[in-house]
1. Per DSSP H run of n ≥ 4, the term is -39500 (n - 2.57); total these for the chain, divide by its residue number, and report the mean residue ellipticity at 222 nm rounded to 500 deg cm²/dmol.
2. Once the mean 1/r over all distinct Cα pairs of the stretch 3-134 is inverted, what Kirkwood radius in angstroms do you read off?
3. Is the stretch 35-95 rounded, prolate or oblate when judged by the Cα gyration tensor, a ≥ b ≥ c being the square roots of its eigenvalues, rounded requiring a/c under 1.5 and prolate requiring a/b larger than b/c?
4. With the crude spin-label approximation of a point 7 Å out along Cα→Cβ, what separation in nm comes out for HIS74 versus ASP7?
5. Quick check on packing: order 21-32, 80-91 by the mean number of other C-beta atoms within 10 Å, highest mean leading.
6. Rounded, prolate or oblate, given the Cα gyration tensor of the stretch 1-66, with a/c below 1.5 counting as rounded?
7. Starting from the amide H of PHE56, placed 1.01 Å from N in the peptide plane, find each other amide H under 5 Å away whose residue is 5 or more places distant or on another chain.
Amino acid sequence: MSAAEIDDYLDRLDEPKRSTLSRLRRDVLAVVPDAEQGISYAVPGFKVAGKTIAGFAAFKNHLSYLPHSGSVFHELAEELAGYGKSSGALRFPVDQPLPPELVEKLIAVRLRQAFPQVPGDRTGSSGATAVAKRR
C-alpha cells in the first residue's frame, strides 16, 4: 500500500470529485496522521495497525465514505440523518465535502470498534489509544 496509489486514483477523477475527495483524504489524515494509505478493495483506504479504518470512492453521481465496518453508522444515526447510506457506504454529493467534524466522529467510532479496550487496562483508554501509544 502507498500514498502514491491514492494520488493516482485521485488524478484520474474529474472535478469537483477530485478536490472533494482530496479534502476528505486530508481530513482523514488529520485524525489518523500515521495511517497507512493505499488501495484496498480497488478504492482508497487507510489502515491503522493493519486494520482498514476508513476509505472512499467516486461514482458517477455521488461519492462515498467507507468505514469498513457495517456498524459505524448506527452509532451516529442522528448526525447522518441527511445522507444516503447503506450498511457499508455513506453517500454524499460530488461537490459537497463531508464536514471535518463528522469525519472525525466516523473515524473515532471505527477506531473504538477495531481496537476495543485492552484487557487489564485500568486507565479507561481504548485499544486505539494503546495502539497509538505503541507507534
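1. Roughly -11000 deg cm²/dmol at 222 nm, from the helical runs in the chain.
2. Details: mean 1/r = 0.0660 Å⁻¹.
It works out to 15.1 Å.
3. On the way: a/c = 2.45, a/b = 1.27, b/c = 1.92.
Here the stretch 35-95 falls in the oblate category.
4. 4.0
5. Working: 21-32: 18.2, 80-91: 14.3.
Descending mean neighbour count gives 21-32, 80-91.
6. prolate
7. So PHE56 has HN proximity to LEU66.
We did not get these values from a lab; they are worked out from the coordinates using the rules stated. Every value quoted in this text rests on a predicted model; they were computed, and no experiment measured them. Counting neighbours? That spans all protein chains shown, and the Cβs are built from the backbone with ideal geometry, glycine included.
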